[in-house]
Amino acid sequence: MWARLAALVFTCVAFSVAAHGTHLSGGMYDWCMFCWVFSFIGTLLVLIVELLNLQSRTPVSWTNFPITLACYAGLLCLSASIIFPLYFVKGYPNNETRDYRIVSTVFSCLATVAYLVEVSLTRARPGEVAAYMATVPGLLKVCETFVASVIFVFISNPVSYDQHPALKWCMAVYCICFIISAAIVVMCVGECTGFLPFPFARFLSAYALLAVLMYLSATIIWPVFKFESKYNSQSRRPSYCSQTRDPCDWDKLVIIAVLTGINFLIYMADLVYSARLIFVRT
């Protein structure tokens with residue numbers, strides 16, 4: 001309860017200060033505002049439902065929904081805590097507007113910590129029987145979908161996967177794994193896993209293995225076809241990239257490669273934990 005109240009206050013201060021005194025606009029500012037407002041509204045709904053004891057009347061699994069929301073909110077606030085100072089604080093002169101931006105950044109970081117504390121307090125402990133989204137594999141599913149969403153943002157602006165069939169395969173990997181992971185999260189939150197015609201736990205392990213193999217291929221293919229001079233004439237960072245504050249097209253390709261590797265490691269951890277769950281239950 002205290003972690004949620006703290007997150008509620010911190011996100012409220014972050015977006016209120018940003019809206020009042022930062023004098024900003026544009027896509028990155030809109031994204032940061034969305035992160036704070038979405039997290040604030042979601043946390044407020046959770047607090048209202050629990051204070052009024054309406055858990056049994058909600059159309060979702062209340063053992064899965066709060067921790068899923070807290071995990072997504074933590075990742076969103078983390079992204080805002082990184083993006084906001086990089087774009088709107090770094091390099092700007094000291095004045096009152098910059099002070100407002102620093103305050104929003106500080107409270108965004110505090111909100112991130114509050115959500116991480118909530119997730120840590122509500123996640124399942126080793127050997128404890130709990131809802132799937134409270135386990136490590138469930139939380140990893142949230143991270144997988146979040147990282148894939150960020151990949152989609154960078155890979156589509158500009159479109160950077162249509163130069164070669166191998167790159168289209170990478171895009172297919174991102175889409176397929178995102179859709180399945182998101183579907184698993186939705187099924188768990190909506191308590192629909194019992195309608196599957198096969199054991200849910202074994203499906204999770206089989207999917208984790210498939211996703212690891214697919215992401216392994218993308219982790220290798222993307223850098224080869226984007227940074228190898230044999231396939232791409234722009235194998236080095238152009239000089240104009242250092243003259244702009246926003247990530248240039250080449251930087252976005254590097255970010256995609258790094259995020260692909262990160263998601264590969266997340267799926268590897270998911271596979272290990274999912275296999276352990278099956279063996280423990282057996």
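General remarks:
- Projecting the Cα positions of F152, Y231, L196 onto the charge dipole of segment 132-237 (unit charges on Cβ atoms of Lys, Arg, Asp and Glu, taken about the Cα centre) puts Y231 furthest along the positive direction.
- Under 29 Å, Cα to Cα: Lys pairs in the chain, sequence gap 8 or more or different chains: 9
- Efficiency of FRET between V159 and D30 - r from beta-carbon atoms, R0 22 angstrom, step 0.05: 0.55
- Pairwise centroid distance, computed over Cα atoms, of segment 32-57 with segment 105-182, Å: 20
- Take the Cα of A166, step 7 Å toward its Cβ, do the same at E96, and the gap between the two points is 5.7 nm.
- Largest GNM mean-square fluctuation among R236, R98, R202, using the chain with Cα springs under 10 Å: R236.
- Stokes-Einstein D (µm²/s) once Rh is taken as the Kirkwood radius of the chain over alpha-carbon pairs, at 25 °C in 0.890 mPa s: 119
- Per the Kirkwood formula applied to alpha carbons, segment 153-280 shows a radius of gyration over Rh ratio, Rg over Rh, of 1.08.
- Calculated FRET value between V150 and L5, using beta carbons and R₀ = 22 Å, to 0.05: 0.15
- Over segment 1-122 - Rg/Rh using Cα atoms and the Kirkwood inverse-distance radius: 1.03
- Put in line by how crowded their Cβ is, counting other Cβ atoms within 10 Å and starting with the fewest, S79, S56 read S56, S79.
- For the pair L216 and V89, a Förster radius of 41 Å applied to the C-beta separation gives a FRET efficiency near 0.65, rounded to the nearest 0.05.
- When only the Cβ of Lys, Arg, Asp and Glu is charged (+1, +1, -1, -1), the dipole of segment 174-274 relative to its Cα centre reaches about 300 debye.
Values in this text are rule-based calculations from the coordinates and carry no lab data. All values derive from a computational prediction rather than experimental measurement. Note that we place each Cβ from the backbone using ideal geometry, even for glycine, and neighbour counts take in every protein chain shown.
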